[in-house]
Amino acid sequence: MAGVLFRSPSTGLTVRAVLFDTFGTVVDWRTGIAAAVADYAARHQLEVDAVAFADRWRARYRPSMNAILSGAREFVTLDILHRENLDFALRESGIDPTHHDAGELDELARAWHVLTPWPDSVPGLTALKTQYIIGPLSNGNTSLLLDMAKNAGIPWDVIIGSDINRKYKPDPQAYLQTAQFLGLHPGEVMLAAAHNDDLEAAHATGLATAFVLRPVEHGPHQTDDLAPTGSWDISATDITHLAAQLHAESTGFR
């Protein structure tokens, strides 16, 4: 890796890997999922508000993980949870999933594999890649993250899905085992995320942190995560801005 790397004020260590929350931070899940739902609804003549459905589907994300986080349920992949949550969202919308072809619903659930990056994501990641190890630190499973990267041209160096460490964020081991797999001290790993709660958990485990603003992840009326709420190492308006700041800090040119 060329050049001088960024030294984290919070960990006191040189950052060697910048890892990313993926859904919302790197990719625009809301637009992509709404488009897939709209297409499915049109083909099946369903009256569905596709954007509201996407929000409803995503709203099951954290609740569906709680049983796993608490130990009440064995680990299952995010693909399985997404598929279960699709049935839940359909029922919430007054649609009985048993009246639909299971294979078609499986394919709809795979929409999470082909989400589109925010416009700055690939250029920003490409810039970071010249100096840092980059990859996702996501609750997505490996095949999901791999499909997403291949579809969208996301230039990860490494993909360590949640199915490898079998832990979901914010379990501390989700962060610590990922650093261990890379052979790095936790303080040599930076988590970049658009969600303050994710950064809080990462910081508590000793990772460096960077806030990336995504003010319309949840649409034009978003109220959460519009500013950093902690003393993160870096606050950036997008991933290209993060790359520029890391470069400027490492070279001393601010």
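For a quick check of your reading of the model, give me the residue pairs whose first member lies in region 85-97 and is under 11 Å from LEU108 (Cβ atoms), whose second is open to solvent by 20 Å² or more (accessible area, probe 1.4 Å) and in a helix (DSSP H, G or I), with beta-carbon atoms closer than 6 Å and at least 6 apart or on different chains.
ALA89/ARG56; PRO97/ASP87
Can we say ALA236 is open to solvent by 20 Å² or more (accessible area, probe 1.4 Å), at pLDDT 95 or above and aliphatic (A, V, I, L, M)?
Here the answer is no, as ALA236 does not meet what is asked.
Return the residue satisfying two criteria in turn: it lies in region 4-46 and is of a type in the set (A, V, I, L, M, F, W, C) and assigned to a loop (DSSP other than H, G, I, E, B), and of such residues it is most open to solvent (accessible area, probe 1.4 Å).
Restricting to residues being of a type in the set (A, V, I, L, M, F, W, C) and assigned to a loop (DSSP other than H, G, I, E, B), the top hit is VAL4.
Given the conditions (1) aromatic (Phe, Trp, Tyr); (2) in a helix (DSSP H, G or I); (3) under 23 Å from LEU13 (Cα atoms), report the number of the one that TRP112 does not fulfil.
Among (1) aromatic (Phe, Trp, Tyr); (2) in a helix (DSSP H, G or I); (3) under 23 Å from LEU13 (Cα atoms), TRP112 violates only (3).
Among (1) among the hydrophobic types (A, V, I, L, M, F, W, C); (2) within 27 Å of PRO136 (Cα to Cα); (3) part of a helix (DSSP H, G or I); (4) more than 23 Å from the chain's Cα centre (by Cα), where does LEU90 come up short?
Of (1) among the hydrophobic types (A, V, I, L, M, F, W, C); (2) within 27 Å of PRO136 (Cα to Cα); (3) part of a helix (DSSP H, G or I); (4) more than 23 Å from the chain's Cα centre (by Cα), only one is false for LEU90: (2).
May I ask you to say which residue of ILE133, ILE159 is within 19 Å of THR205 (Cβ to Cβ), open to solvent by 10 Å² or more (accessible area, probe 1.4 Å) and of a type in the set (Val, Ile, Thr)?
ILE133
LYS150 - would you say it is in a helix (DSSP H, G or I) and either under 24 Å from ALA243 (Cβ atoms) or open to solvent by 10 Å² or more (accessible area, probe 1.4 Å) (or both)?
Against the criterion (in a helix (DSSP H, G or I) and either under 24 Å from ALA243 (Cβ atoms) or open to solvent by 10 Å² or more (accessible area, probe 1.4 Å) (or both)), LYS150 qualifies.
The values are calculated or read from the model by the stated rules, or taken from the named source; none is laboratory data. Note that the structure is predicted; figures quoted are calculated from it, not measured. Neighbour counts run over all protein chains shown; Cβ positions are idealised from the backbone, glycine included. Accessible surface areas use protein heavy atoms only, side chains included; no ligands, DNA or RNA. Shrake-Rupley method; radii C 1.70, N 1.55, O 1.52, S 1.80 Å.
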